[in-house]
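Engineer: A single structure is presented below for examination.
The values are calculated or read from the model by the stated rules, or taken from the named source; none is laboratory data. Everything quoted here is computed from the prediction, not taken from an experiment. Positions of Cβ are generated from backbone atoms using ideal geometry, with glycine treated the same way; all protein chains shown enter the neighbour counts. Surface areas here come from the heavy atoms of the whole protein model, side chains and all, with no ligands, DNA or RNA. Shrake-Rupley method; radii C 1.70, N 1.55, O 1.52, S 1.80 Å.
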Amino acid sequence: MAQITGKIIGLGSYLPPKVLSNDDLSKMVETNDEWITERTGIKRRHIADGIEDKSSTMAIKAAKAAVEDAGIDPKDIELIVAASTTPDLLFPSMAVCVQKALGCSENVGCFDVNSACPGWIAAFNTVQGFIESGNVKLALVVGTETLSNFVDWNDRGTCILFGDGAGAAVLRAEEGKKNEFIMRSSGNRGDCLRCENRKQPQRYDEEGFEQSTYFYMAGRDVFRFAITEVPKLIKDLAAKYNFSLDEIDYFILHQANARIIEATAKKLNIDIEKFPMTLQETGNTSSASIPSLLSTMKKDGRLKKGMKLVLASFGGGLTWDANYIEY
């Protein structure tokens, strides 16, 4: 009996029109374009206005683009899973907002996952489980973030990093090699990258509480974690599923920092040309970064059917995940 897996048949992304350049940031905090570029590779990031563009509406725009790219009827979608660490609604889910806007039927399961930057991979793996078990034939996976709402714009160590946006993929059940992945987390190391919920009124008078409701990141610790664990994870993925890294057409890494991606390529002894980047123009968009990068690559012709890809992401948890897929 043939194996069934979820094949990506449509991709879409959305970035809000407002752009914040490094030069713009230099007017807000003590920094400059050279300093930011050297340390991160980021030149610009897109910022949502909170009215026309927020996590739910950006998810809808990316999802509509993916559905159009796939050429499907939204009423045929059976499952929507959205990843977001920064939803504008606690409930209903971002997935339900997408369902409503697309005009999907009521015979569709909808829910969100929160796994910080690896959220889209977590959602992708969840959807693959539904497809490979035979319960779903057509699904939508969305990543959407409004990170600017949680940035301390006085902290030059973090405000330079993040941007807003959304990305989405349509998956259809087809014959093919099953989804191959590894997911790892270390709650013991999670304090170096965290953000408290502001809606804790009993803590308002607590010293340091307000600051804790903005993104906190111990940059050096996170950098060391990423350049150590991500290359090891990719090697372990290759060993577990018996493939050679030389076979891989592209390594689609979370778009957090160019130095992390470059260090990963070096440790794997793989040409940096196989590690595409869009972070220069987007900054770190968390769970939106991988589907957005895939969408960009499809639009410009780099991504072609049959290509072998490694997807890898890392972030709050600490959590780090990787997949081997054939596009």
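Engineer: Just checking, does the range 30-39 include any residue being modelled with pLDDT of 95 or more and buried (at least 21 other Cβ atoms within 10 Å of the Cβ)?
Structural biologist: Yes, the conditions are met somewhere in the range 30-39.
Engineer: Within the range 199-211, identify whether any single residue is outside any helix (DSSP H, G or I), among the basic types (Lys, Arg) and closer than 30 Å to ASP88 by Cα, and answer yes or no.
Structural biologist: Looking through the range 199-211, at least one residue is outside any helix (DSSP H, G or I), among the basic types (Lys, Arg) and closer than 30 Å to ASP88 by Cα.
Engineer: Right, next: Which of the residues belonging to the range 62-85 are closer than 17 Å to PRO17 by Cβ and either of a type in the set (Asp, Glu) or surrounded by fewer than 23 Cβ atoms within 10 Å (Cβ to Cβ) (or both)?
Structural biologist: Those that are closer than 17 Å to PRO17 by Cβ and either of a type in the set (Asp, Glu) or surrounded by fewer than 23 Cβ atoms within 10 Å (Cβ to Cβ) (or both): LYS64, ALA65.
Engineer: Still on this model: Quick check on the range 109-122. Is at least one of its residues at pLDDT 95 or above and on the phi > 0 side of the Ramachandran plot?
Structural biologist: Looking for residues that are at pLDDT 95 or above and on the phi > 0 side of the Ramachandran plot, one finds at least one in the range 109-122, hence yes.
Engineer: Can you name the residue in the range 117-175 that is of a type in the set (A, V, I, L, M, F, W, C) and in a loop (DSSP other than H, G, I, E, B) and is also surrounded by the fewest Cβ atoms within 10 Å (Cβ to Cβ) among such residues?
Structural biologist: For the range 117-175, the residue satisfying everything is TRP153.
Engineer: I would also like to ask the following. Tell me yes or no: at least one residue of the range 142-163 is hydroxyl-bearing (Ser, Thr, Tyr), within 28 Å of ARG259 (Cβ to Cβ) and touching a helix residue (DSSP H, G or I) at 6+ places or on another chain (Cβ under 7 Å).
Structural biologist: So far as the range 142-163 goes, yes, one or more of its residues are hydroxyl-bearing (Ser, Thr, Tyr), within 28 Å of ARG259 (Cβ to Cβ) and touching a helix residue (DSSP H, G or I) at 6+ places or on another chain (Cβ under 7 Å).
Engineer: Taking the residues in the range 222-265 that are among the β-branched types (Val, Ile, Thr) and not in a helix (DSSP H, G or I) as candidates, determine which candidate is surrounded by the most Cβ atoms within 10 Å (Cβ to Cβ).
Structural biologist: Across the range 222-265, the extreme among qualifying residues is ILE252.
Engineer: Quick check on ASP53: is it open to solvent by less than 30 Å² (accessible area, probe 1.4 Å), more than 15 Å from ILE160 (Cα to Cα) and of a type in the set (Asp, Glu)?
Structural biologist: For ASP53, the condition - open to solvent by less than 30 Å² (accessible area, probe 1.4 Å), more than 15 Å from ILE160 (Cα to Cα) and of a type in the set (Asp, Glu) - is met.
Engineer: Give the residue that is nearest to the chain's Cα centre (by Cα), with candidates limited to residues of the range 277-295 that are open to solvent by 10 Å² or more (accessible area, probe 1.4 Å) and closer than 12 Å to ILE252 by Cα.
Structural biologist: Among residues in the range 277-295 that are open to solvent by 10 Å² or more (accessible area, probe 1.4 Å) and closer than 12 Å to ILE252 by Cα, the one nearest to the chain's Cα centre (by Cα) is SER292.
Engineer: Need pairs with beta-carbon distance below 9 Å; first residue closer than 15 Å to GLU180 by Cα and within the range 113-133, second among the aromatic types (Phe, Trp, Tyr); sequence gap 6+ or separate chains.
Structural biologist: Partner pairs satisfying both residue conditions: ILE121/PHE181; PHE124/PHE181; ASN125/PHE181; THR126/PHE111; GLN128/PHE181.
Engineer: Another question about this same structure. Considering every residue within the range 157-165, establish whether at least one is without any contact (Cβ under 8 Å) to a residue 60 or more places away in the chain and either in contact with a Leu (Cβ under 7 Å, 6 or more places away or on another chain) or among the basic types (Lys, Arg) (or both).
Structural biologist: No.
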